[in-house]
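**Student:** Let me begin by handing over the structure; questions about it come next.
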């Protein structure tokens with residue numbers, strides 16, 4: 001089966017040169033050629049996300065890990081923390 005025209009011959013004017021370089025590097029890092037990467041993106045097997053979105057996802061994961069830790073290990077009451085801080089002065 002042949003690839004759609006937009007996948008086999010993308011319009012290079014629609015993406016700056018550094019954008020193509022990033023895509024080529026990403027494809028290589030994944031062990032794919034650019035056409036294969038493009039096909040996986042088009043079929044939604046691979047999703048490209050912005051750095052801000054990735055940062056938000058990582059922050060969410062970190063927060064969930066903290067909640068899980070608090071549930072498993074318990075928390076320290078605020079009064080105890082204040083008392084320990086006063087005793088260190």
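**Student:** Looking at 85, 57, 32, which one is modelled with pLDDT of 95 or more and out of contact with any helix residue (DSSP H, G or I) (no Cβ under 9 Å at 6 or more places or on another chain)? Full working, then the answer.
**Tutor:** On the way: 85 fails: modelled with pLDDT of 95 or more; 32 fails: out of contact with any helix residue (DSSP H, G or I) (no Cβ under 9 Å at 6 or more places or on another chain).
Going through 85, 57, 32 in turn, the sole match is 57.
**Student:** Just one of (1) closer than 19 Å to residue 19 by Cα; (2) part of a helix (DSSP H, G or I); (3) within 21 Å of the chain's Cα centre (by Cα) trips up residue 62, so point out which.
**Tutor:** Condition not satisfied by residue 62: (1).
**Student:** Shifting gears a bit: So residue 48 passes all but one of these: (1) within 17 Å of the chain's Cα centre (by Cα); (2) within 17 Å of residue 15 (Cβ to Cβ); (3) assigned to a helix (DSSP H, G or I). Which condition number does it fail?
**Tutor:** (3)
The values are calculated or read from the model by the stated rules, or taken from the named source; none is laboratory data. Quantities reported herein were computed from a predicted structural model and do not represent experimental measurements. Every residue, glycine as well, gets a Cβ built from its backbone with ideal geometry; the counts of neighbours run over all protein chains shown.
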